[in-house]
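Colleague: What follows is a structure written as structure tokens; I'll ask about it next.
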Amino acid sequence: MRRTAPLLIVLLLGLQGCAVQQPAQPAGAAIDLDRSPSWTLQARLHSALYGCELLVLHGNNARLAGEQRRFADFRRRLSSCQTQAIAEAKSATDRLPAGQDRLLRNAQKAYLVAWQRYLAGLTIDHPADLQQKQSYLEARSALLEVASKRPDIRAEPGKRLDGQLTTGS
């Protein structure tokens, strides 16, 4: 048994580089994946929402286990996550280009409404509202469907395709 422990450690140390790869680009650096603005919008908001969903899951586990101190911490962290997610939504919508067609704008608005309702309904105290989640997922799917059928608009935020400044959509 004493020989296998050092051998196991040597093997694990040799695999260290294989198991954990460092990203080629720092985590905070912007990556242009050449995606449509609608795809970027839903990706950023879905990511923010997922972080909050994880806190609900872990907080619910703490609540069920009777761990009051951890439960209170998860409540506080969920509130902070929801606040950050709302700020992310504001930032993401501010980056949407002007000049998009009505169908795409309507799909984006429907997605945002469903996203906001689902986010607001996330709580550790009660089970998830599956109907709200289903509505959110359907709106997300519809947005991606509409965005995939529209010509790609890559104007700068706040500018029309013809270069004239706008005050918003």
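Colleague: So Ala120 passes all but one of these: (1) loosely packed, with under 15 Cβ neighbours inside 10 Å; (2) closer than 30 Å to Ala65 by Cα; (3) at pLDDT below 85. Which condition number does it fail?
Modeller: Failed condition: (3).
Colleague: Next up: From the set of residues in the stretch 59-79 that are part of a helix (DSSP H, G or I) and of a type in the set (A, V, I, L, M), which is farthest from Glu138 (Cα to Cα)?
Modeller: Ala72
Colleague: Let me ask something else about it. So is Gln82 over 13 Å from Ser38 (Cβ atoms), in a helix (DSSP H, G or I) and at pLDDT below 90 or not?
Modeller: Here the answer is no, as Gln82 does not meet what is asked.
Colleague: Identify the residue in the stretch 101-116 that is modelled with pLDDT of 90 or more and surrounded by 15 or more Cβ atoms within 10 Å (Cβ to Cβ) and, among all such residues, is farthest from Gly66 (Cα to Cα).
Modeller: Ala107
Colleague: Looking at the stretch 98-126, which of its residues are in contact (Cβ under 8 Å) with a residue 12 or more places away in the chain and in a loop (DSSP other than H, G, I, E, B)?
Modeller: Ala98, Gly99, Gln100, Asp101, Leu122, Thr123, Ile124, Asp125, listed by residue number.
Colleague: Let me ask something else about it. I'd like to know if the stretch 43-58 contains one or more residues that are more than 16 Å from the chain's Cα centre (by Cα) and either outside any helix (DSSP H, G or I) or surrounded by 15 or more Cβ atoms within 10 Å (Cβ to Cβ) (or both).
Modeller: yes
The values are calculated or read from the model by the stated rules, or taken from the named source; none is laboratory data. Computed from a predicted structure; not experimentally measured. Cβ coordinates were reconstructed from backbone atoms using ideal geometry, including for glycine residues, and neighbour counts include every protein chain displayed.
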